[in-house]
Amino acid sequence: MRVFSIVPLGRSSSFFFQGLFGRHPQVATMPCIEYAQEPPKAKGAQEIAHAEFEGCINYLFDRQCRVPAKFGVDEAEFVSHFCEYIGEFGMCRKNVFLARHYAFAKATGQDVSKIKWVAFAAHDISRLKGLFCDFPNQKTIALARDPRAHYYSCKKKWPGTSWLLYMLQPQLTLYCVEGIRAKNVLFVRHEDLHCKYEETIGEVCSFLGIAQDASMQESYFYSAPYTGSFSWGSSSGKSGATPSPKFVSDEWKSGLCENEIFLVEALNKGIATRFGYEKSQARLKIGVPRLDLVGKLRGISRKAVEQSKSSSRMFSKIRAAFGRVPIVGKGIGEAIVLGISALVALLGDWTTLADYVLRSIRFRHFIGKQGRLEAGGDL
């Protein structure tokens, strides 16, 4: 049994792709996106098992999945199998990760004797040095998508936030993945997954050395077909558990302004060259930028809405205070508040981006150093 990680270069059907292995007899997988932490010495296997069970309930999915009838896993049974694995192999970070999948597989009735792979959704590869340290010979399937479609999807999903990070994310993730030994990496295009499914999934199964099982015709999580991230819903309004060309769209052509298209293309030349995404005729135009927010309120988390309301109330108080100062006046007060708002937004974006870039550089350095070492088997 070995590990393969699923790494999305942006929004590229990664959960959907992971769900295609949801009922494959040779693959153990579960909808969690965090690697295991080093287990605290003060905690026993049972306490850690309960915490791991909570981690199975991915926040991207309907919280009602916690109900055993819908979730498909009983907590007591999960804990029992988890402790069984730890009792046999010992307690460490690597074994906590494997015990999590062993317990999930056993609790869902999977025959663990047939399992060859553990599939893990590595949604932020720059944070996963622990995973690559514990499993140096793992395989990686990187999912690529037209970066313009990725950016437009992000803009609809989370309007008005981290636009620069969304533009750079595909190229930064590719930078991390390119540090992994080439023989251990398979690139899959989002467009090919949905438009050339049989050919693409055949390449995936060949890469992993597993059978192209009939269950892979449908994405599956929590004892049910996976049709999207239930908590937030689909930003495109499209849903379905089977691969389909309807999930490949060029809506970005009308949804993005020319400057946005130009910037995304300029920042993701490596993605476009490697995966054959044709450059548009977009040119950078100097002028007043378009500041519309594309998206619907249901695409924003409740926490983000509350934070937005809180910020709005705070800036209203600041504006009113400035407006009462005779020298400043209402007009200048508005300008000051607008400047403060812009500065806060820019600082938030730049600090988030800087953190992501630094993590990517550190990961690439780590993986490059690891590649120069003589690596043993995975398990």
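The values are calculated or read from the model by the stated rules, or taken from the named source; none is laboratory data. What you see is a predicted model, and the numbers here were worked out from it, not measured in a lab. So basically every Cβ, Gly included, is an ideal-geometry build from the backbone, and we count neighbours across all protein chains shown.
Okay, residues lined up against (1) under 15 Å from residue 3 (Cβ atoms); (2) in a helix (DSSP H, G or I):
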position: 119; (1), (2): yes, no
position: 137; (1), (2): yes, no
position: 153; (1), (2): no, yes
position: 212; (1), (2): no, no
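Filter segment 14-31 down to the residues that are under 19 Å from residue 109 (Cα atoms) and among the hydrophobic types (A, V, I, L, M, F, W, C), then identify the one that is surrounded by the fewest Cβ atoms within 10 Å (Cβ to Cβ). Here the residue is 30.
Residue pairs whose Cβ atoms lie under 7 Å apart, sitting 6 or more positions apart in sequence or on different chains, and linking a residue in segment 122-140 that is touching a residue at least 40 places away in the same chain (Cβ under 8 Å) to a partner that is assigned to a loop (DSSP other than H, G, I, E, B) and aromatic (Phe, Trp, Tyr), are 128/35; 130/35; 131/35. Restricting attention to segment 157-188, the residues that are surrounded by fewer than 21 Cβ atoms within 10 Å (Cβ to Cβ), more than 21 Å from residue 358 (Cβ to Cβ) and not β-branched (Val, Ile, Thr) total 9.
Is there a residue in segment 181-192 that is of a type in the set (Lys, Arg), under 22 Å from residue 138 (Cα atoms) and modelled with pLDDT under 90? Within segment 181-192, one or more residues are of a type in the set (Lys, Arg), under 22 Å from residue 138 (Cα atoms) and modelled with pLDDT under 90. Taking the criterion of being farther than 14 Å from residue 51 by Cβ and crowded, with 20+ Cβ neighbours inside 10 Å, the only residue of segment 82-93 that qualifies is 85.
Just so you know, in segment 1-41 the residues that are part of a loop (DSSP other than H, G, I, E, B) and in contact with a Pro (Cβ under 7 Å, 6 or more places away or on another chain) include one that is nearest to residue 140 (Cα to Cα), and it is 9. Candidates 52, 38, 34, 47: the one that is farther than 18 Å from residue 106 by Cβ, in contact with a Lys or Arg (Cβ under 8 Å, 6 or more places away or on another chain) and of a type in the set (Asp, Glu) is 38.
Does segment 43-86 hold any residues that are hydrophobic (A, V, I, L, M, F, W, C), at pLDDT below 90, within 26 Å of the chain's Cα centre (by Cα) and in a helix (DSSP H, G or I), and which are they? If the condition is that a residue be hydrophobic (A, V, I, L, M, F, W, C), at pLDDT below 90, within 26 Å of the chain's Cα centre (by Cα) and in a helix (DSSP H, G or I), then 51, 53, 56, 65, 71 are the ones that fit.
Return yes or no: is residue 228 within 22 Å of the chain's Cα centre (by Cα), exposed (fewer than 14 other Cβ atoms within 10 Å of the Cβ), modelled with pLDDT under 90 and not in a helix (DSSP H, G or I)? Answer is no for this residue.
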